[in-house]
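Comments concern the structure below.
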Amino acid sequence: MSDLKTAREWIRSARRVAALTGAGISAESGIPTFRGSGGLWKQFRAEDLATAAAFARDPLTVWEWYQWRRELIAQCTPNAGHLALAELEATTHFTLITQNVDGLHDLAGSRNILKLHGDIWRLRCTTCLAEWTDRSVRFAQFPPQCTCGGLARPAIVWFGENLPDGIFEEAGHAAKTADVFLVIGTSAQVYPAAGLIPEAKASGAKIIEINIEKTPFTSLVDCALTGSAGELLPRLI
Ligand code: OAD
């Protein structure tokens, strides 16, 4: 049997499936990844744009970068990979764990999504900590503010920050109870997210990786499918 056929069988007979997605699943929608060629962290310094210290120092520069990314993402639509995962949710007990902040899984129709790194369309007040959704591509006032007058920030988990309350516990539960754990389009270098892969493996899940390149976990997974998520996921699901 081909790897793809075997993996398809595992998914078909699984009671619970979970997936961890990363920037690679949105690459075919036109959103740059972080670490590959043309990756955002090749052109920009994370220390200047994605830390609480950078925002405290220079909120305008940080907001301009997020504004640029919001404009770019607003022009993108889900691809066949996102749609296949939304379909999986309709037919299986499925938990989607994503590191992506672009909202394309939501647009594809997935509902049960654990967003480990937040959401680029959500804002949080740095004063009263209120959170809200704002999908506007241009803010009426820049940088955006809360109704309390406090400065708003993107509700994204920056380097050195904790994940939103309880979310990693939920993701860990999904990883530990899954019969099949899919690892899609992530370089698996950022923790704690990458730690879910050995956690799922140790609890007995079959691990299926989809990536165009090798990752630190490729040699540990049960099935490594080399290719793009937009092409492979519809064939797998
Ligand atoms: P990376 O940019 O580190 O990795 C993207 C992965 O996707 C790489 O392993 C690529 O080989 C793979 N890839 C690219 N195109 C693909 C395609 N069409 N199909 C399948 N795979 C493809 O992105 P992440 O692993 O998501 O944090 O990065 C993790 C976190 O680091 C991000 O969430 C972000 C970043 O700093 C925050 O924004 C908080």
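The values are calculated or read from the model by the stated rules, or taken from the named source; none is laboratory data. Since the model is a prediction, treat every value here as computed from it, not as a measurement. Every residue, glycine among them, receives a Cβ derived from its backbone with ideal geometry; neighbour counts consider all protein chains shown.
The set of residues in segment 101-148 that are part of a loop (DSSP other than H, G, I, E, B), closer than 20 Å to residue 68 by Cα and of a type in the set (D, E, K, R) comprises 102, 134, 135, 138. Only one entry of 92, 33 meets the criterion of being under 30 Å from residue 141 (Cα atoms) and polar (S, T, N, Q), and that entry is 33. In segment 121-144, the qualifying residues are those that are in contact with a Gly (Cβ under 9 Å, 6 or more places away or on another chain) and of a type in the set (Ser, Thr, Tyr), and the one that is farthest from residue 156 (Cα to Cα) is 127.
Counting only helices (runs of 4 or more DSSP H) that sit wholly inside segment 17-95, those with at least 1 residues that are more than 10 Å from the ligand (Cβ to nearest atom) are 40-43, 46-49, 52-57, 59-74, 80-91. For residue 189, the conditions (1) farther than 19 Å from residue 104 by Cβ; (2) more than 9 Å from the ligand (Cβ to nearest atom); (3) not small (Gly, Ala, Ser) all hold with the exception of (2). Checked against (1) over 26 Å from residue 230 (Cα atoms); (2) within 16 Å of the ligand (Cβ to nearest atom), residue 98 meets all criteria but (1).
Beta carbons closer than 9 Å, at least 6 apart along the sequence or on distinct chains, pair a first residue in segment 53-68 that is more than 13 Å from residue 143 (Cβ to Cβ) with a second that is part of a helix (DSSP H, G or I) and of a type in the set (Asp, Glu) for 53/47; 54/47; 54/48; 57/48.
Are any of the residues in segment 201-208 in contact with a strand residue (DSSP E or B) (Cβ under 6 Å, 6 or more places away or on another chain) and closer than 11 Å to residue 20 by Cα? Scanning segment 201-208 turns up at least one residue that is in contact with a strand residue (DSSP E or B) (Cβ under 6 Å, 6 or more places away or on another chain) and closer than 11 Å to residue 20 by Cα.
Residue 205 satisfies every condition listed in (1) under 30 Å from residue 123 (Cα atoms); (2) more than 13 Å from the ligand (Cβ to nearest atom) except (1). Residues in segment 101-122 that are without any contact (Cβ under 8 Å) to a residue 60 or more places away in the chain, among the aliphatic types (A, V, I, L, M) and in contact with a Phe, Trp or Tyr (Cβ under 9 Å, 6 or more places away or on another chain) were compared, and the one that is nearest to the ligand (Cβ to nearest atom) is 101. The listed residues are 149, 227, and the only one of them that is among the small types (Gly, Ala, Ser), near the ligand (Cβ under 10 Å from one of its atoms) and free of Cβ contacts under 8 Å to residues at least 40 places away in the same chain turns out to be 227.
The number of residues in segment 1-45 being surrounded by fewer than 18 Cβ atoms within 10 Å (Cβ to Cβ), of a type in the set (Gly, Ala, Ser) and at pLDDT 95 or above comes to 2. Looking across 143, 164, one residue alone is more than 23 Å from residue 3 (Cα to Cα) and within 16 Å of the ligand (Cβ to nearest atom). It is 164.
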